[in-house]
1. Is there any pair linking a residue in the stretch 463-483 that is on the phi > 0 side of the Ramachandran plot to one that is among the aliphatic types (A, V, I, L, M) and in a helix (DSSP H, G or I), with Cβ under 8 Å and at least six apart or on different chains, and which?
2. Any idea how many residues of the stretch 328-355 are crowded, with 24+ Cβ neighbours inside 10 Å and over 16 Å from the mean Cα position of the chain (by Cα)?
3. Applying the selection to the stretch 470-484, what residues are part of a helix (DSSP H, G or I) and open to solvent by 10 Å² or more (accessible area, probe 1.4 Å)?
4. Give the residues of the stretch 375-421 that are small (Gly, Ala, Ser) and part of a helix (DSSP H, G or I), sorted by residue number.
5. Which residues, counting only those in the stretch 511-538, are under 30 Å from residue 424 (Cα atoms), among the β-branched types (Val, Ile, Thr) and surrounded by fewer than 19 Cβ atoms within 10 Å (Cβ to Cβ)?
6. Restricting attention to the stretch 87-132, which residues are closer than 19 Å to residue 239 by Cα, of a type in the set (Val, Ile, Thr) and open to solvent by 10 Å² or more (accessible area, probe 1.4 Å)?
7. Of all residues in the stretch 133-168 being under 18 Å from the mean Cα position of the chain (by Cα) and open to solvent by 10 Å² or more (accessible area, probe 1.4 Å), which is farthest from residue 503 (Cα to Cα)?
8. Go through the stretch 314-369 and give me each residue that's more than 25 Å from residue 490 (Cα to Cα), free of Cβ contacts under 8 Å to residues at least 60 places away in the same chain and either part of a helix (DSSP H, G or I) or out of contact with any Asp or Glu (no Cβ under 7 Å at 6 or more places or on another chain) (or both).
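The values are calculated or read from the model by the stated rules, or taken from the named source; none is laboratory data. Small disclaimer: the values here were computed from a predicted structure and weren't measured. FYI the Cβ positions are ideal-geometry reconstructions off the backbone, even for glycines, and counts take in every protein chain you see. Surface areas here come from the heavy atoms of the whole protein model, side chains and all, with no ligands, DNA or RNA. Shrake-Rupley method; radii C 1.70, N 1.55, O 1.52, S 1.80 Å.
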Amino acid sequence: MSPVLAGVLQLIALIAALALAYRPLGDYMAAVYSSPKHLRIEKVIYRCIGAHADAQMRWPAYLRAVLAFSAVGVLLLYLLQRVQGGMPLSLGFASISPDQAFNTAASFVANTNWQSYSGEQAMGHVVQTAGLAVQNFVSAATGMAVAIALVRGFARARTGDLGNFWADLVRGTVRVLVPIAVIGAVVLVACGAIQNFSGIHEVGQFMGGSQQTNGGAVASQEVIKELGTNGGGYFNGNSAHPFENPDAFTNLFEVFLILVIPFALTRTFGKLVGNVKQGYAVLATMGIIWLGFTALMMWTEFAHGGPALEAAGAAMEGKETRFGIGGSSIFSVATTLTSTGAVDSFHSSFTAFGGGIQLLGMMLGEIAPGGVGSGLYGMLVMAIIAVFIAGLMVGRTPEYLGKKIGTRQIKLAACYILITPTLVLGFTAASMVLPDALGSMLNTKALGAGSHGFSEVLYAFTSGANNNGSAFGGLNANTPWYNTTIGLAMLLGRFLPMVFVLALAGSLAEQKPVPETAGTLRTEKPLFAGLLVGTILIITGLTYFPALALGPLAEGLS
């Protein structure tokens, strides 16, 4: 079987699996977030944290709960890393330095999982399981809660109530993420992923000598790392490491885990607003972009451009032979079009245009299908922008799902889409003029501080501000400058957009529904899906084209 055919068949199998899970999972999540009943374990949790789960929150109260919970998470994870050296099961590792502990705490709480450390050489079992793995669950549940709050803003009228954050957080964790994670962990263990609390071992090598390696509760962390679109690996090799991702089947299974909830949430959205066709329109938009990027990435990596790639048979540098070009391309696009950031190959070793596709996927806002929760609310904000543009063209007040899109709504949506580019381009520009920041380019002598070096810095801040977490490996990001600035980019890129999303949700929930007329734009039709795709690509292109031209485009054309 040719590598191209193998890649296409993997893509078809993945689409089929996602299609089978779409309706039952989407309907189940709609039932979870709309149910008036609480499970017994949920009631215990509410009592422990002092929450009144049936109390309705307006958007300021919902936002305060999100920010307070996340701030406590950053503090606890920071402290856990700082005292690691004195804890049991630390594997002899020292406590993490202050700047790196801040960077890691900000990263995992912000659902980014950017890692400026090697997991097997820095983090003990307690930090990995009680710290990082826990945040993998609750940060994903927080994103889902904010997305559901925005959906309620469309579904509710003249109340301003968005539900209860604590109930949404607990339900997302207990009823959605934990059950799927348990099943997924069993699958990974059955396929060869490790799950233990063993210490450090000397392992013999095929060519002689030995190396040290340690075990860990890898399968359980791996599954929520993908399912919650987190991405932080137990080992430095991330999903290219055989302990995390043993074979081609688990590779495709992990891609399925990454995509299944973000895609299924469009069905949940349709059910909660009372019109599943609206969910299908959002799904179609996400699917078109995802399939287009995947096809383009596979074509780019199979193109055999240049004598070295011709000799290798394809762009195999930095890729696992277990997965090949097809599996690596599918995984790469899935992780950069979502906020996952996990890698099963070396992103910096992709072709120049392949690296540009990864960058562009994050620059879109990771909305196709995007992160768990964040992809849906990001796409709905873009839908509001598209409706506004359509309203300008026909000369009538824009409406979306029966709610008028007025001055307040469009200002909030505009602020949302401006935050991330400001962080990315601002921090990148600062890094390119500071000598210490430029000195982190490890390949300066080989490539100079040219297009690829610029791409490394641009990728780092694009990944951080978009809460992705992957990286171009030629940049040493474990410095005070990058640990601090990327940490700030992750926190601001995660929580500032949530401020505007929840304010937008509150403004929509206060409105009275507008009756549909002959002049109402039909947002469930293919025409609107096409308009939405065009709006996303045009806004992103106008914002980032100069930076892309200096980085991957210049490198690819040189």
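1. Qualifying pairs under 8 Å: 467/490.
2. 6
3. 480, 481, 484
4. Passing the criteria: 375, 378, 383, 386, 390, 391, 413, 414.
5. 538
6. Hit for the stretch 87-132 is 129, nothing else.
7. Among them, the one singled out is 133.
8. 316, 317, 318, 319, 321, 328, listed by residue number.
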